[in-house]
């Protein structure tokens, strides 16, 4: 019931603010016996880490994770795993202007109205900094998946920056790690570099679309109604700061199709059922089909920009604000490892739920 | 943790299958003292009821709800409210063909693989029939909102049928109840009637986009991260059968905007903060701003169509299937009252959560 | 989070009041493929049913359960199982005196203070009538246990009525079903009959101690801290109306022992570890040892007695009350099948939790 | 659903093992605006700290708590509060003998069977060391109670050591802080000192009974069935390591009473209803009456004793074990502050639940 927790059985509670002493994730429900060293988590944090190139915030955080519990001699014990990351580069003086003013497009005003108190030094829990905790938890989920469902492969990538979409004809899995945007389209990566340079220099920002593909998820994972695999994937992505839309398979475009086009026909393959297409995005009736699962989401542009914007102060006076400080022209870039982490947690969680209820036995076909 | 439950404090568990004896909703956490008669729920079920015009399934269900617990002399007592709806027109012989065959685009195959058992007479929990339970629960949520937050107004409507979008210039709240599609655009209603007639006659189907607007939600409802108001609204909509995409405010389009366009500027009005625009859809950092909240989702076309489709049998043999029976050419129509019900449950739930944690006190502005 | 729900994965929500139209249990998380007919539940309800002899309330309820969902052709489908029991003998006129007066020892005054509304015709959710829902849910849990852990055997019995304890030397499992008190001591059964006759005639009542033994529970079920098997068993029993104390193994007496006496020594048997004694009650560190699990609890005497008692009215005036109506001189008798039901639900739940997290694999010994 | 979490809205997840780097509590759902400095938590940890006198374990832990999140300038922000305590005196060499042997009465064998892995250096999560996390969380609960229900007073004390009960005639609240046993009976404190000296010297141990009284809890807190205030208090106490029995009010003794004796008569006082006695322990039908709430529990003697005990090794060979190391002759002593902490968390949680559902309004009497 905690509002800072996700997951049913593999349950992650993130904690910590952008300008507090530390942040982290309390992870309960991990299977015992999973090899898990600090490096297994650090590797994913390094992928998300800001300040790695000119396209992401220049806040320099070591983002070094410490495992405080739940493992013994490099193996999970089945007890809660605590991951802590110290904040080191808070440089809070950058934020002085927002003590009294609410930044438009930020959570400043709603925080204040709800809680009547706000750490004016930064975005608190609504900062993209919170996602480091998610990536740490995702590292644990990945280690557990490697142990109990080793074929599952989870890959995130960017498919649009602002109005610039990738060309699906150029899709190349091997390109994803080759450019700072985690995009599978090498041509797009070049175009985006130029585009983002311009935005960065003008102190502007832009949104993005990220897609995650989950390969080799076994069929039968999920549930028909509220516990739909789509619901939990959608909620996981929507729970990330700045996400405003989520799609499974055809997504919003499903509204545009007819029944003839949308329903994927079924044939029998050597290893079980096959489908003629994948409009469903790997999920039917909330349950995985065994096809690739695709989830997609939109990240809004950060509202921290150099153009002055109208706002008010806590005392209700009209004013303007420019958000200086260190921010991302396209915060969506860093959302890629975050999305992978969320997907890993959801898939692991549903594999555990499934083996609880069904024992992992499948209804036979053929 | 139940996979058939939604809500944190106002908690709804739906139960029942399309071809079982009954279905319903177990609703726990409703405040005591709320006037609630059978008619307060029935009125919303009547709105959803199939067979009311030629555009929805001809299955004829009375959909009469019985309140079995949780009220005394027409007032809620604070204990669980059980709403039961008997299934009366099951006509299961229509479904004989699907005993052995999996219908493409339906949950038949995934149900079978997961559970190893399937009520072949219909869609089970994945049937649109399940949504009657949601509408009943939504009726309770609306009654409770009327009692504790009477200004909140929740209105659903259809904004696209297939590729045919409404013209926002024609938006008229008063039109919504005047046509069988719950659309605010009278011109679209006419066009869609012709279009859907054609689809119905050819045994085809089409998807739709539904939008819900929540007016007069107080500011401060929601939470910054996993308990974001957007997350719970998105999950609520995604949990409905056949939904494949969900958007808050700008939704997927947020990816296309720059920070200058997207962030709504803030000014001071007579009754508190005002915003120059509402790209955020009434939510910042997961917490309501006091503006209109807009959530939008896509419903896929039903896969029950008259065109023969390739599929396999339980024994793995290739075959074809035509789904006869009584189905909706645009199942999205009936999703409108369902979406309103889900929104009502989420808003009530978060108002209760907020008064638990903060006591309902707001940080003052001005 | 529902306050009317118990269980983590096998999750039971009970609903209904003593004088409303019906009551029941919404059971989610049952494994699919479990044979479950109406009779599998009815048999346990019949055991609990009041009015079967002169020692229990003369309220005559058919207590006929109807399964409204979650099974198909006598097999569970893995979806929520709804069990409904209609109230038929409400005879509410018996309760006229309590419209304005609060019965001492009953929940009347606290209900009123909390909710500001109360169904004055009876005890509402605090009535022993609510336990019929628990017994129905327990019937489902037993059916599921039979399917996935068939050796588990759960037996409840009464060990004390008022100050009259059984003689453990007389303990005979076969006696339990041979007397109206479910006691394993035939001599006690005789004594109690005379004792209770006297109490019944004088309009008095008395408390009782009930014990449940769970045999053949596999080792490794439970968790070390808040999810301790003892915690969930204790909570399950304490959640029953009128229970005021709960013990595992030595229970309160553990306080009186020294470490030498209390710790059960371990030896190696043919089929794994054995213990020299069972002071632990089959649980160490919250996890089952494989020994018999024993849980014990005290039921207070019903406060519905014929002796006039001082109380006040809703308007605060001093008065007296005699509770007429149909009540139990020893309500603990009917608690025996209720306790078995609760134990079955907890054990099943923890078996599911264990196979979720560990896959059901055990650390080898020997 | 986390098995390491307690609470509905004020939700505490404890983490960490006896011999890992650190342990702590992740606390979510605390109201915002609560003054909370490190010292507000440290003061309770100091009370629980081992090694303060010759009657508790000589393990010397600083038990210094660090608040890592959830406060700003000494005020809670409404976001998760992370409390971390570093382990400093692990001295794990003391435990070398238990690498291969299972200690009787400890969780060693069940841990191993469940998880297949065990940190053999100590008791892991089953160590009394885990209770430091609970005390930290309790400190937060107390601070929040002080803010929103300042009259609530929670006091724990020991009422029996082994077979030596206090004399209730000697009960003096002011004595509780005057002796190392937190007992209200000065005479008992003297007797116990002698008794425990003997046990300590002989390497033995003994159990204890602890009672907690909650004064000035408002009426109307709790719920009738599974969310009974008694259920949550019982579960909270039973979840503590080594607890084997829990009682509310009359507790197990309620079984021995008649209805005439047990039901507390009601009269009208100057400030609302009064009761002639308090057999109910301040709770009727799961809901607080406004009287003192009393919860009592038994702690078993620690199984770490110097007398050799029969056991087996992981490979199943018969052997003997003496548990050296640093242990408590009466671990119940340290359970007093732990019990207070658990009670504080439960009461706060139910006050939040109540204001969520009812808005905190009470049905009027008089």
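Taken together, the values in this text are just the output of simple stated rules run on the coordinates, not laboratory data. Just so we're clear, the structure is a prediction, and the values are computed from it rather than from any experiment. When we count neighbours, we look across all protein chains shown, and the Cβ atoms used for this are built from the backbone with ideal geometry, even at glycine.
Could you state the number of Å between the C-alpha centres of the range D:304-366 and the range B:320-366?
41 Å
Between the label point of residue C:265 and that of the same position in each other copy, find the distances and list them shortest first in nm, with every label point placed 7 Å from Cα along the Cα-to-C-beta direction.
The projected label point of residue C:265 is separated from its counterparts by 5.7, 7.5, 8.6 nm.
Over all directions, average the projected area of the Cα convex hull of the range B:241-345 and note it in nm². Kindly include the intermediate steps, with their values, before the conclusion.
Numbers: hull surface 43.8 nm².
That works out to 10.9 nm².
Quick one: Cα centre-to-centre distance for the range A:153-183 and the range C:196-255, in angstrom?
Taking the Cα centre of each part, the range A:153-183 and the range C:196-255 sit 59 Å apart.
How tilted is helix D:332-358 with respect to the longest principal axis of chain D? Cα atoms for both, answer in degrees (0 to 90, nearest 10).
Its long axis makes an angle of about 40 degrees.
How tilted is helix C:131-148 with respect to the longest principal axis of chain C? Cα atoms for both, answer in degrees (0 to 90, nearest 10).
Tilt relative to chain C: about 20 degrees.
So how tilted is helix D:38-48 from the main axis of chain D? Cα-based, degrees 0 to 90, rounded to 10.
Value to nearest ten degrees: 60.
Could you state the orientation-averaged shadow area of the convex hull built on the Cα atoms of the protein assembly as shown, in nm² to one decimal? Don't jump to the answer; show the numbers that get you there.
Values: hull surface 194.8 nm².
About 48.7 nm², averaged over all directions.
Could you tell me how many cubic angstrom of Cα convex hull volume chain B has per residue?
With only Cα atoms used, chain B gives 151 Å³ per residue.
Measuring nothing but label to label, 7 Å from Cα along Cα→Cβ, what are residue B:194's distances to the other copies in nm, shortest first?
Values, ascending and in nm: 4.6, 9.5, 10.5.
Using only helices, what value at 222 nm comes out for chain B when you add -39,500 (n - 2.57) per DSSP H run of length 4 or more and divide by the total residues, to the nearest 500 deg cm²/dmol?
Details: 7 runs with 94 residues, N = 366.
One gets -8000 deg cm²/dmol as the mean residue ellipticity at 222 nm.
Average partner chain C-beta neighbours within 10 Å, per residue of B:267-275?
Values: counts 5, 7, 2, 0, 0, 3, 8, 1, 2.
Rounded to a whole number, the mean comes out at 3.
Can you pull the mean other chain C-beta count within 10 Å for peptide A:101-109? Display every interim value, and only then the final one.
Details: counts 1, 4, 3, 11, 11, 3, 9, 3, 12.
Taking the mean over all residues of the peptide, I get 6.
Peptides B:61-67, C:279-285: what's the order by average Cβ count within 10 Å, highest mean first? Kindly include the intermediate steps, with their values, before the conclusion.
Numbers: B:61-67: 19.1, C:279-285: 26.7.
For the peptides B:61-67, C:279-285, the packing ranking is C:279-285, B:61-67.
Over the C-alpha atoms of the range C:117-226, what are the Rg and the largest Cα-to-Cα span, Dmax, in Å?
Rg then Dmax for the range C:117-226, in Å: 17.8, 50.
Which of B:100, B:211, B:250 moves the most in a Gaussian network model of chain B with Cα springs under 10 Å?
Checking each option, the largest mean-square fluctuation is seen for B:100.
Which of D:198, D:16, D:123 ends up with the largest GNM mean-square fluctuation for chain D, with Cα atoms connected below 10 Å?
D:198
Can you work out which chain C residue has the shortest Cβ-to-axis distance for the rotation that carries C onto B, and give it in Å?
C:26, 2
Ordered shortest first, which distances in nm separate the 7 Å Cα→C-beta label point of residue B:278 from those of the other copies?
Going from nearest to farthest copy, the values are 3.8, 5.3, 6.5 nm.
How large is the convex hull of the C-alpha atoms of the range C:113-157 per residue, in Å³?
Details: hull volume 5.0 nm³, N = 45.
Here the figure is 111 Å³ per residue.
Inside 10 Å of the C-beta atoms of D:61-69, what's the mean count of C-beta atoms belonging to other chains? Present the calculation step by step, with values, prior to reporting the outcome.
Details: counts 0, 0, 0, 0, 0, 2, 3, 11, 12.
That works out to 3 on average.
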